[in-house]
Amino acid sequence: MESLIILIVLFLIGWFLWSAVRSKEIACKIGMRHCERLNIQFLDHTVERVQLRLTRDHRKNPCWYRTYQFEFATSGEHRYQGLIEMYGHHFKSITLDPYPDSTLGEEHERYITG
């Protein structure tokens, strides 16, 4: 009985780690594609998890809510922050710090929901 409990705990830890890695890969791809569409540079080719909590998705099922932070630049001069929100492995939204847009000539904030 004790070995069965240990196996279940090890399985759950492995599943959680796999889920975390998969979610981070998805968030990184989303950030890269979003920056590419806006013609800005996705810096360091990585995201960093800044928040993790257990919550419910839109169908009221329990899932992990994760927030990832990344950096981007319009030129090589200044770094700006972006946030990606995910429910499980599903994209929720992406928010970018205000940054100078050469097409508009002013700073603005962009917010996209999935």
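Laboratory data are not the source of any read-out in this text; all were calculated from the coordinates shown. Fair warning: this is a prediction, and the values are worked out from it, not measured in the lab. As a convention, Cβ positions derive from the backbone with ideal geometry for all residues, glycine included, and neighbour counts pool all protein chains shown.
Worth a mention:
- Residues in segment 1-49 that are in contact with a Phe, Trp or Tyr (Cβ under 7 Å, 6 or more places away or on another chain) and either assigned to a strand (DSSP E or B) or among the aromatic types (Phe, Trp, Tyr) (or both): 41, 42, 48, 49.
- Within segment 73-103, if we keep just the residues that are among the charged types (D, E, K, R) and within 28 Å of residue 16 (Cα to Cα), the residue that is surrounded by the fewest Cβ atoms within 10 Å (Cβ to Cβ) turns out to be 92.
- Residues of segment 54-70 that are among the acidic types (Asp, Glu) and closer than 20 Å to residue 43 by Cβ: none at all.
- Of the listed requirements (1) touching a helix residue (DSSP H, G or I) at 6+ places or on another chain (Cβ under 8 Å); (2) surrounded by fewer than 16 Cβ atoms within 10 Å (Cβ to Cβ); (3) more than 24 Å from residue 12 (Cβ to Cβ); (4) of a type outside the set (Gly, Ala, Ser), residue 58 misses just one: (1).
- Qualifying residue in segment 68-87 (condition: more than 10 Å from the chain's Cα centre (by Cα) and under 13 Å from residue 24 (Cβ atoms)): no
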